[in-house]
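One structure below.
Throughout, read-outs are computed from the coordinates displayed, never taken from laboratory work. Since the model is a prediction, treat every value here as computed from it, not as a measurement. Heads up, the Cβs are rebuilt from the backbone with ideal geometry, glycines too, and the neighbour counts pull from every protein chain shown.
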């Protein structure tokens, strides 16, 4: 396993299920659900706060926070649609797991139910390669994500952390949800110098 790619995959704090079937069809038009009047319309807020890159491989972190007042349970993988700068859906193949894009073990372990108490977070991730192999195909670049905690749940449109530059591959892998590690408090014995806790990925 390439050590650089392994380090990139470790940034995503998630585990993934057995790969599902590819669905390369364009998704239906997007109807955003989050509004300024209701900052927590469905009990959770979704975001894509950070991206790591190495050797042409990209790993984008997805986060979900329970902004409601009751426990929230999520299972499996987030539902993901990739949108262009005008928020129009793009035709891409989106599958659970690393999907043969790269060897990232954390994307390919079975998903488990995650129960979030108010204020707690879950994390997932997107995996892709920025590769251009066919000069006859226009490279695909997404600027927004249409996300839901799972299929059938209310959706939210969020900006991606930088472009989702798929090149001509047209493929995205999705990690399942997992509980985000709790942030160490000041004075916590688990805090180690250089800002890394005992539970951090190495």
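Below, the figures for the structure above:
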item	result
The stretch 159-173 residues near the modelled residue 88 label - backbone nitrogen below 20 Å, point 7 Å along Cα→Cβ	159-160, 163-171
FRET efficiency for residue 133 and residue 73, using Cβ-Cβ distance with R0 set to 35 Å, rounded to 0.05	0.30
D (Stokes-Einstein, µm²/s), Kirkwood Cα radius, the stretch 76-122, 1.002 mPa s at 20 °C	159 µm²/s
Relative contact order %, the stretch 71-192, counting alpha carbon pairs below 8 Å whose residues are six or more apart	39 percent
Packing-based exposure ordering (other Cβ within 10 Å, fewest first) of 144, 107	144, 107
Cα-Cα pairs of the stretch 83-177 separated by more than 23 Å (percent)	30 percent
